[in-house]
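Just below is one structure, and these are the notes that go with it.
The values are calculated or read from the model by the stated rules, or taken from the named source; none is laboratory data. All figures in this text were calculated on a predicted structure; none of them were measured in a lab. Reconstructed Cβ throughout: ideal geometry from the backbone, glycine too, with neighbour counts over all protein chains shown. Surface accessibility is based on the protein's heavy atoms, side chains included, excluding ligands, DNA and RNA. Shrake-Rupley method; radii C 1.70, N 1.55, O 1.52, S 1.80 Å.
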Amino acid sequence: MNKTELIDHIATTADLSKAASARALDALIGAVKTTLKKNGTVTLVGFGTFSVGKRAARTGRNPRTGEAIKIKSAKVPKFKPGKALKDAVN
């Protein structure tokens, strides 16, 4: 499912226009991004938790030349599914 299909599903399920559904989805995504930029977490009970993790610096290889390169440490978004989501999938 892509973003357009998700907007259509929200519009149908919540009895909203597609424009209103798109604005709601964009607002949700924006709120998650803003919170993660501040190193916060977003917890949706029954769905899961979005958080920020840290990836350590490491040495990698350039696939073209085989030369060793240094990869900087980075912050990465993480998602941990909640119990209800795990149960729904299984």
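With every protein chain present, what is the per residue accessible area of segment 1-55 (1.4 Å probe, Å²)?
Value for segment 1-55: 72 Å² per residue.
Using a 1.4 Å probe on the protein chains only, how many percent of the accessible area of the chain belongs to carbon and sulfur?
58 percent
Provide the gained length on full extension for the span A84 to T13, in nm with one decimal, where the gain is 0.36 nm per separating residue minus the Cα-Cα distance.
23.6 nm
Which ³J(HN,Hα) values, rounded to whole Hz and listed in residue order, are derived for segment 38-51 from phi using the Karplus coefficients 6.51, -1.76 and 1.60 in 6.51 cos²θ - 1.76 cosθ + 1.60 with θ = phi - 60°, glycine and proline given as x?
Going residue by residue, I get 8, 6, x, 10, 10, 10, 10, 4, x, 10, x, 10, 9, 8 Hz, with x marking Gly and Pro.
Which one of G30, P81, A57 has its Cα pushed farthest toward the positive end of the charge dipole of segment 13-90, where Lys and Arg give +1 and Asp and Glu give -1 at the Cβ?
Positive-most Cα among the choices belongs to A57.
Students often get this wrong, so check it: of K33/K80; K3/K38; K38/K72, which have C-alpha atoms separated by over 22 Å?
Correct reply: K3/K38.
What angle do you read, to the nearest 10 degrees and between 0 and 90, between the alpha-carbon axis of helix 3-14 and the longest principal axis of the chain?
With both axes taken from Cα atoms, the answer is about 30 degrees.
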